[in-house]
Amino acid sequence: MKIVRVKAHAMSMKLDKVYWTSRGAWGTYNTIVVEVETDDGLIGIGTINKTPLREIADIVDALGPVIKGMDALAHEAVWWKIFNLTVPHLEAGKSDATRPVYEQNKRVNLMAALAGIDLALWDIKGKAMKLPMWRLLGGDKREVPAYASGGYYEEGYSPLAVIDEMANYAAQGYTAVKMKCGGASIEGDIARISGVRKAIGDKAKLMIDANGAYTLADAERAIKAFEPYDIFWFEEPLQWHDATRGLGRLAACTRVPLASGESEIHSNVVRDQIDLGGIRYVQWDCTRAGGLTEGLRIAAYALAHGVQIAYHHDPQIHGHLMAAQPHGFCVESFPSVPRDPFWHQVLTQKPKLEAGLLTLGDEPGFGVEIDWKMMARWKV
C-alpha cells in the first residue's frame, strides 16, 4: 500500500467575536485538513491545529514528493524521514532532489506538517484494517470523560461574563470546566474564579489556564490566591523561558496539580516537564506537532512515571488515545458553537459529545467526515 498523494486544505472561519487569552487575541478559527491517498484508493484524514496556515499547508504539499511511494502503513519510517528534515543538511538536499532543505526557524511549522501527515497515515491504518482507532490502539471502551473548555476574556464583554458561561456548561451536565486566567490582575481573576466556583458548586472540577502568563514569582502569588477556590489543575502557568525547571519550583509550593505540554513540539520537552517540572497532567497536542506517533511515545513515558494524560483540543483525535490508555484522564471539548465552528459545522461525522461524555463510534480510523463545501467556503 503506497502513498501516491498528499494534499493540505487550509481554512479560516470568522468567529462571532474576538476572544482573548493572556497572550493575545484572535477572531478566526484556523485549521488545516490533510489528505493522504494510497495506490489502492484509501484516503486518510488528519488535522493540524496550528498557524501560519498557508506556510504550514505549503510544507505539507512539499512533503508529498518526499514520502511518495513509501509504505502507508510504515508510519515510523515516514515519521523519521520527515523529522530528519528538522535538522537541515545542505549536502543531503543537493544529493536528493526530492528532499527540501528547511531553515531552523521553520522547525515548528515542519513539526506541525508532520503531525497532519502522521494522523492521516494512522487514519489509513484504521481504514485498511476496518477498525476504529480506539480499537486499533488496544482499547476496550468507547466512552471518555470530557471537560468543557472556555472562559476566555471576550472583547466588549465584562470579564465576569465567564461566570454565566461556566454555569451554563455545568447545567448541560459537565462535571469539569476550564477557564482562562492571567489576562487580568490577580485581584480581577479572583473575582472571576470565585464567581465561577460559586456558580458551578463545590463538586464540579474547576481548571484554570494561564497560557504562559506568569513569571515564577507571579505564578506563586497567583496560585496561592486561587487555591481557596479548590482548583483542580493550574495549566501552563509560566512564561516560555522558564516552563520546565520553573514548573518544578512552582509544584513544590502549591498543592494544586500542574498541567502542561500543549505548546511543545517534541517529546523530550514533555519528558523534562515530567522529570523536572513536576507536572501531573500531560497536555500534548497530536495535531500541533508530531502526530499520534509522538503522542504514543509521550503516553508511554507518562505511564511509566505515574502521570496522567489529558491531551489538548480536537477530541475527535485525542478521544481515541484516551480510550486506549489506562492513564487517559479526559478530553478537552468546546461546547460553544460560535467558538468551535470546525467541530460543530465542518465535521459531519464525529464522536458523540454530550453532557461531559465523549462516545466514540465504530467507523474505521478516526471516524470523521468533512463538509468539503464548508471547507471551500472558508478556504485560505
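Given R0 = 35 Å, the distance between the Cβ atoms of Thr28 and Glu187 translates into a calculated FRET efficiency of 0.65.
Here the translational diffusion coefficient of segment 162-279 follows from Stokes-Einstein with Rh set to the Kirkwood radius across Cα pairs; for 10 °C and 1.306 mPa s it amounts to 110 µm²/s. Share of carbon and sulfur in the accessible area of the chain stands at 52%, probe radius 1.4 Å. Distances between placed amide hydrogens fall under 5 Å for Lys205 paired with Ala176, Val177, all partners being 5 or more residues away or on another chain. Helix 107-129 and the longest principal axis of the C-alpha atoms of the chain enclose an angle of approximately 70°. A simple spin-label model places pseudo-atoms 7 Å from Cα toward Cβ; at Lys14 and Val101 they are separated by 4.3 nm. Per-residue extension of 0.36 nm, minus the Cα-Cα distance of Met70 and Cys253, leaves a gain of 60.8 nm for this segment. Based on C-alpha pairs under 8 angstrom that are at least 6 apart in sequence, the chain has a relative contact order of 19 percent.
Computed over the chain, the per-residue total of -39500 (n - 2.57) for DSSP H runs of n ≥ 4 gives a 222 nm mean residue ellipticity of -11000 deg cm²/dmol, rounded to 500.
Neighbours of Thr175 by Cβ distance under 15 Å: Lys/Arg scored +1, Asp/Glu scored -1, total -1. Among residues other than Trp134 with Cβ under 15 Å from its Cβ, the summed charge is +2 (Lys and Arg +1, Asp and Glu -1). Semi-axes of the equivalent ellipsoid for segment 101-221, computed as √(5λ) from the eigenvalues of its C-alpha gyration tensor and ordered from largest down, come to 36, 24, 12 Å.
When the P(r) of segment 29-172 is calculated, the portion above 26 Å amounts to 44% of the C-alpha pairs.
Averaged over its residues, segment 1-115 has an accessible area of 45 Å² per residue, based on protein heavy atoms and a 1.4 Å probe. Could you state the number of Å between the C-alpha centres of segment 137-156 and segment 1-75? Cα centroid of segment 1-75 versus Cα centroid of segment 137-156: 22 Å apart.
Note on segment 306-380: Rg/Rh from C-alpha atoms, Kirkwood Rh, equals 1.00. Can you grab the distance from the C-alpha centre of segment 332-380 to the C-alpha centre of segment 158-226, Å, no decimals? Between the Cα centres of segment 332-380 and segment 158-226 lies a distance of 27 Å.
Taking θ as phi - 60° and the Karplus parameters 6.51, -1.76 and 1.60, the scalar couplings of segment 291-300 work out to x, 5, 4, 6, x, 5, 4, 5, 4, 5 Hz in sequence order, x denoting glycine and proline.
Shape annotation for the chain: C-alpha extents along the principal axes are 59, 41, 41 Å, from largest to smallest.
For segment 236-284, the solvent-accessible area of protein heavy atoms averages 42 Å² per residue (probe radius 1.4 Å; ligands and nucleic acids excluded). Each Cα pair of segment 269-328 feeds into the Kirkwood radius, which the Stokes-Einstein equation turns, at 20 °C and 1.002 mPa s, into a diffusion coefficient of 190 µm²/s.
The values are calculated or read from the model by the stated rules, or taken from the named source; none is laboratory data. Here the structure is a predicted model, which is why all the values come from computation and not from measurement. Every residue, glycine among them, receives a Cβ derived from its backbone with ideal geometry; neighbour counts consider all protein chains shown. We work out accessible area using only protein heavy atoms, side chains counted, and drop any ligands, DNA or RNA first. Shrake-Rupley method; radii C 1.70, N 1.55, O 1.52, S 1.80 Å.
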